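One structure below.
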Amino acid sequence: MTNIFTTPIFYANGEPHLGHAYSGILADIFHRYSLLANSESCLITGTDEHGLKITQAASKSCTEVEDFVDRKSASFAELWSALKIDPDVFIRTTDRFHAQFVEKVWKKLRDKGDIYLGNYQGQYCIGCEQFYNKRDLVDEKYCAIHKTEVQSFEEETYLFRLSRYREQLLEFYTSNQDFIIPTFTQDYVVKQLKEEPLEDLSVSRINHKWGISVPGDENHTIYVWIDALFSYLSAIQKAGYNPDQLKKTTHILGKDILKFHAIYWPAFLLALELPLPKHLIVHGWWKVEGHKISKSIPETVVHPKAFQTELSNDGLRYALIKQKPLFRDGDLVQDSLKHVINADLVNNFANLVKRNNTLILKQLSGEIVGITDLDIECRQIVTEAEVKLDKVINGYQTFDILIVSQLLNQILTELNRFFHERSPWLINKGLTREHVSSTCFVVANVVREIAILYSPIIPSLSESILNELGDNRSASLERGCPLLRDISIKKVQSHFTRV
Ligand code: MSP
């Protein structure tokens, strides 16, 4: 069964920034690992195009809302293509078949009695498209995320009987301890479910036309978050799967939208008697001088394409995962991103490959074949690498890609030390041919495995190295494939330029 990875669908109210790119890059890394390890994987992304937030942005730019969302949605599609991310489905909430899907869902919930007409009074943040209790606001007035004043609304609305699903949600969380990664986030959600009141949820807005109308009641529009969350299912359908595929679906999302994914989304699915997703991977924020990168604070906005030009695509991906634990927040400091790229990708990786492969080509005619007997130093470095490679696989399986990058870089550091100490370039200064060829043999083989396991994170650099080595079977992923294999190199090139 195919694994599915989703990004959140991005608000089409402005141009993409680095925080958005981060969600997309993470999802792409997990998707690529899944392709590598399981061969079947599907990546879903898209844009969230309805609601007040969007109409306000369109009218601010004096553009018809339809044209506005077309342009902004295209900006996201272009971003993914510029970042060499190739989604299988790009869903837009303005797609007709998505709207039809949401209408069907609404009718089912309504027929079941899970949606009823009532009244709601609350404080609404347009930035979050969400009602808040006063206790969740700063000074009872300001949204903690957007720092803007919320609006007080009291209006007729349809409500979803969220309270009905509290027990089932708790049961689900008890029997699925690793549903949310990291587990401290799951603990937080469970605590909230146990301790805080779970009020019924307002799921429609009155007199706001930009959205999907409530079937049978044109005065109301379906709440944007229902519209948005069900894009996961309409996209799964668009990819040709049935809702059962949710069991194999991993949602990647930022911590700001946790409640929607950890409480509302599972509750809707329980109400519809559909399977729940496999995992939620909840990441922290990139900040600039302590402030979350956000369209609402223009000084913080960092354009991903500018960064990509400066750091290269692989450099950007690598630095974003190496410079902060996925589950925590981190401050963006361009110089330290450059430093880590040059230290790890250029010095530790690309330079080692170039030096080793040049020796193989020039001193060993490009071939190292039939090596069966390795000396103790060689055996030791291979064994140490194998232990770490196992942990790399475990890192991917537990979505801890910081550990993955740290381990791969540690193996490279050890390999550089080994290469340096054995100095195979001194071939004409008294070293035996066995010493030289076994050194280059070990380095080439370990480096190949590293390139394969790095490929979800730095696809272009890995591909370039693997093309040179001409063999991309992985000993860590393929049963029966030995790590040490004959080496054949036809030409040598530089794989990565300093940033
Ligand atoms: N439209 C909703 C999601 C609906 S999903 C059914 C939304 N869109 S968003 O455009 O505001 O955010 C999309 C993603 O970008 C979220 O995962 C969010 O956490 C992420 N980021 C936005 N700013 C970010 C940072 N500064 N840092 C890291 N990621 C952040 O929410």
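The values are calculated or read from the model by the stated rules, or taken from the named source; none is laboratory data. Just so you know, these numbers come straight off a predicted model, no measurement behind them. We place every Cβ from the backbone using ideal geometry, glycine too, and count neighbours over all the protein chains shown. Please note that ligands, DNA and RNA were not included when accessible areas were found on the heavy atoms of the full protein model with its side chains. Shrake-Rupley method; radii C 1.70, N 1.55, O 1.52, S 1.80 Å.
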Problem - Pairs, first under 26 Å from residue 400 (Cβ atoms) and assigned by TED's automatic domain parsing to the domain that holds residue 21 in the range 284-297, second near the ligand (Cβ under 9 Å from one of its atoms) and among the aromatic types (Phe, Trp, Tyr), C-beta under 9 Å, six or more apart - result: 285/22; 286/22; 292/285; 292/286; 293/22; 293/285; 293/286
Practice task
Starting from residues that are over 20 Å from the mean Cα position of the chain (by Cα), touching a residue at least 12 places away in the same chain (Cβ under 8 Å) and surrounded by fewer than 19 Cβ atoms within 10 Å (Cβ to Cβ), keep the ones in the range 218-240 and report whichever is farthest from residue 120 (Cα to Cα).
Solution key: 237
Practice task
Looking only at the range 88-102, decide whether some residue is charged (D, E, K, R), open to solvent by 80 Å² or more (accessible area, probe 1.4 Å) and more than 22 Å from residue 225 (Cβ to Cβ).
Solution key: yes
Practice task
Give just the number: which of (1) among the hydrophobic types (A, V, I, L, M, F, W, C); (2) within 16 Å of residue 236 (Cα to Cα); (3) within 15 Å of the ligand (Cβ to nearest atom) does residue 42 not satisfy?
Solution key: (3)
Exercise for the section: Restricting attention to the range 295-310, report how many residues are out of contact with any Leu (no Cβ under 6 Å at 6 or more places or on another chain), within 11 Å of the ligand (Cβ to nearest atom) and assigned to a loop (DSSP other than H, G, I, E, B). Expected result: 3
Exercise for the section: Check off (1) within 20 Å of the chain's Cα centre (by Cα); (2) of a type in the set (Lys, Arg); (3) more than 10 Å from the ligand (Cβ to nearest atom) for residue 292 and give me the number that stays unchecked. Expected result: (3)
Handout entry: Number of the condition not met by residue 90 [criteria: (1) under 26 Å from residue 306 (Cα atoms); (2) modelled with pLDDT under 95; (3) more than 10 Å from the ligand (Cβ to nearest atom)]
Key = (2)
Handout entry: Matching entry among 337, 276, 316, 332 (being more than 16 Å from residue 145 (Cβ to Cβ) and within 13 Å of the ligand (Cβ to nearest atom))
Key = 332
Exercise for the section: Assess whether residue 282 counts as being modelled with pLDDT under 95, surrounded by 14 or more Cβ atoms within 10 Å (Cβ to Cβ) and within 20 Å of the chain's Cα centre (by Cα). Expected result: no
Exercise for the section: Would you point out the residue of the range 33-50, among those that are in contact (Cβ under 8 Å) with a residue 60 or more places away in the chain and crowded, with 21+ Cβ neighbours inside 10 Å, that is farthest from residue 453 (Cα to Cα)? Expected result: 50
Exercise for the section: May I ask you to list the residues in the range 246-271 that are open to solvent by less than 10 Å² (accessible area, probe 1.4 Å), in a helix (DSSP H, G or I) and more than 25 Å from residue 55 (Cβ to Cβ)? Expected result: 246, 262, 263, 266, 267, 269, 271
Handout entry: Selection count where residues are surrounded by fewer than 18 Cβ atoms within 10 Å (Cβ to Cβ), outside any helix (DSSP H, G or I) and not charged (D, E, K, R), scope the range 387-431
Key = 5
Exercise for the section: Of the numbered conditions (1) open to solvent by 10 Å² or more (accessible area, probe 1.4 Å); (2) part of a helix (DSSP H, G or I); (3) more than 12 Å from the ligand (Cβ to nearest atom), residue 53 fails exactly one; give the number of that condition. Expected result: (3)
Completion exercise
Here the qualifying pairs (Cβ atoms under 8 Å; residues six or more apart or on different chains; first in the range 120-140 and assigned to a helix (DSSP H, G or I); second within 16 Å of the ligand (Cβ to nearest atom)) come out as 136/144
Completion exercise
Taking the range 162-184 and keeping only residues that are buried (at least 19 other Cβ atoms within 10 Å of the Cβ) and assigned to a helix (DSSP H, G or I), one is left with 162, 165, 169, 173
Exercise for the section: Please state which of the following conditions residue 497 fails to meet, knowing it meets all the rest: (1) among the hydroxyl-bearing types (Ser, Thr, Tyr); (2) within 19 Å of residue 355 (Cβ to Cβ); (3) assigned to a helix (DSSP H, G or I). Expected result: (3)
Handout entry: Of all residues making up the range 362-403, the number that are over 30 Å from residue 491 (Cβ atoms) and hydrophobic (A, V, I, L, M, F, W, C)
Key = 7
Completion exercise
Exactly one of 69, 65 is within 15 Å of the ligand (Cβ to nearest atom), over 30 Å from residue 449 (Cα atoms), modelled with pLDDT of 95 or more and aliphatic (A, V, I, L, M), and that residue is 69
